[in-house]
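Read-outs: derived from the displayed coordinates by stated rules, not from any lab. Keep in mind that this is a model prediction, so the values were computed, not measured. Virtual Cβ from ideal backbone geometry, glycine too; neighbours counted across all protein chains shown.
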């Protein structure tokens with residue numbers, strides 16, 4: 001599945017989209033088939049049934065399932081149920097895609113019960129990202145049969161094998177987070193200067209370059225917000241670090257603010273990817289989005305509960321068309337089949353219930369994250385220390401994992417203000433929620449175990 005991002009099918013009308021969703025659905029369907037065959041031939045039905053009963057009692061799994069259920073319900077009651085479920089050849093989204101994403105999520109939380117499983121998955125996601133970057137480099141150099149902009153083109157923005165630089169930057173945010181998570185294990189094992197450690201450092205640097213070469217302002221704000229959130233979590237948890245962390249956040253914001261303020265100076269403009277500093281409400285892209293959001297809001301008021309149905313924003317756009325988009329000098333003018341914001345897209349397409357279900361996934365995540373209690377750093381035993389003298393079981397997440405789970409959604413939610421989701425982003429969101437469910441369930445079990453072993457002081 002992680003290699004779906006690499007597929008570019010030049011023989012289809014939409015080469016950057018079709019191959020990816022066909023590959024993804026095929027892998028999920030095959031995984032489900034072999035999972036069911038395993039239940040049949042390995043006589044594991046009772047074991048897996050107990051596991052599924054535990055999984056579907058997890059609050060985060062319930063929240064993700066509720067979002068998927070309401071999404072499908074909105075398909076059924078939309079203005080064009082068939083189109084909402086099947087989507088079209090270009091987008092390949094809709095209810096069918098969401099159903100596969102949910103199945104993928106359920107298989108992950110059911111089968112991935114070991115830290116090594118997740119590290120392997122993150123490693124394969126990094127491999128897919130690296131191959132996507134290689135595709136973009138070959139296209140940039142003008143290699144035959146590789147589709148994409150050339151480095152020599154004016155206003156070049158890197159698009160890899162995804163086909164849209166905005167999603168390259170959002171995708172790179174997740175890749176960078178995987179690198180950071182894996183580097184933490186290498187650091188703890190004191191193997192940073194090793195083949196694996198150096199490879200991760202090189203990949204992390206490469207994904208940062210890819211991120212800035214995509215020059216996407218929304219994703220840049222998401223990266224800054226995630227860095228502040230990551231530090232903020234440590235400020236909340238570790239008092240002795242507060243002075244240094246607060247100082248670092250202030251310095252970061254001052255640097256970013258300075259570059260944004262000086263965005264029109266020759267020096268800043270000469271920086272590759274300097275487009276990310278052109279952040280203002282007067283930018284044409286923001287003006288267009290503001291008009292789109294107004295159209296989406298008007299459409300929401302007409303069908304507030306379950307919306308117009310997924311994939312049906314084009315009907316709202318036509319119904320409440322804003323004549324500001326009619327510019328004969330620029331051809332037929334701008335047209336949009338999305339509101340270009342995850343919040344307004346969900347609001348108009350799956351209604352208030354759908355948007356609340358979407359936001360509830362993050363609300364449950366943060367509720368569970370701060371509910372696990374005191375965080376501790378789990379330290380490995382020295383090689384000469386016996387298990388008998390091992391420290392007590394942890395009562396919560398390590399500070400790093402807690403900060404990781406807190407910051408990654410912030411990056412996604414901030415960039416989502418001005419961008420809608422596509423498959424490469426959906427995949428990472430559902431992987432993250434499955435990983436968070438795993439980590440938070442393990443933490444809860446540790447708490448219960450510790451409480452059960454505590455002496456009775458009555």
By per-residue mean of other Cβ atoms within 10 Å, what is the highest-first order of 68-76, 235-243, 88-96?
68-76, 88-96, 235-243
Neighbouring Cβ atoms within 10 Å as the yardstick, rank 27, 285 fewest first.
285, 27
At R0 = 35 Å the Cβ-Cβ FRET efficiency linking residue 119 and residue 367, nearest 0.05, sits at 0.85
Roughly how many nanometres apart are two label points built 7 Å out from the Cα toward the Cβ at residue 188 and residue 152?
5.0
Using the Cα gyration tensor of region 26-140, the equivalent ellipsoid's semi-axes, largest first and to the nearest Å, work out to 27, 25, 14
Just one of [x] 24.0; [y] 26.0; [z] 21.9 is Kirkwood radius over Cα pairs in Å as worked out from the coordinates here. Which one is it?
[x]
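Compare the peptides 5-16, 112-123, 246-257 by average per-residue count of other Cβ atoms within 10 angstrom and give them in order, highest first.
5-16, 112-123, 246-257
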So if R0 is 60 Å, what FRET efficiency would residue 45 and residue 264 give, r being the distance between their Cβ atoms, rounded to the nearest 0.05?
0.35
Cα→Cβ-extended label distance, 7 Å offset, between residue 3 and residue 271, nm
3.8
Would you calculate the convex hull of the Cα atoms in region 219-354 and tell me its volume per residue in Å³?
150
Where the centroid of each part is defined by its Cα atoms, how far is region 83-102 from region 206-231 in Å?
29
What distance in nm separates the simple spin-label points at residue 287 and residue 56, each placed 7 Å from Cα in the Cβ direction?
5.2
Cα centroid of region 233-307 to Cα centroid of region 23-66, whole Å
39
So residue 302 and residue 199, fully extended at 0.36 nm per residue minus their Cα-Cα distance, gain in nm 31.8 nm
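Please report, to one decimal in angstroms, the Kirkwood hydrodynamic radius of region 285-367 built from all distinct Cα-Cα pairs.
Here the Kirkwood hydrodynamic radius works out to 13.3 Å.
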What's the exposure ranking of 348, 143, going from fewest to most Cβ atoms within 10 Å?
143, 348
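Grab the beta carbon distance between residue 326 and residue 14, set R0 = 35 Å, and tell me the FRET efficiency rounded to 0.05.
That pair, residue 326 with residue 14, gives E of 0.85.
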On a 0 to 90 degree scale, rounded to 10, what angle separates helix 399-415 from the longest Cα axis of the chain?
10
Normalising by the residue count of the chain, find the relative contact order in percent from Cα pairs under 8 Å and 6+ residues apart.
20
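Take the alpha carbon gyration tensor of region 227-270, find the square roots of its eigenvalues, order them as a ≥ b ≥ c, and report rounded if a/c is under 1.5; if not, report prolate when a/b exceeds b/c, else oblate.
Working: a/c = 5.21, a/b = 3.58, b/c = 1.46.
The shape class here is prolate.
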Please give the peptides 364-371, 308-315 ranked by average Cβ packing (other Cβ atoms within 10 Å per residue), highest first, as a rough proxy for protection.
308-315, 364-371
For the Cα atoms of the chain, what angle does the longest principal axis make with the long axis of helix 342-371, in degrees from 0 to 90, nearest 10?
20
Order of 33, 418 from fewest to most other C-beta atoms within 10 Å?
33, 418
Treating the angle as unsigned and between 0 and 90°, give the value, to the nearest 10°, between the Cα long axis of helix 115-140 and the longest Cα principal axis of the chain.
30
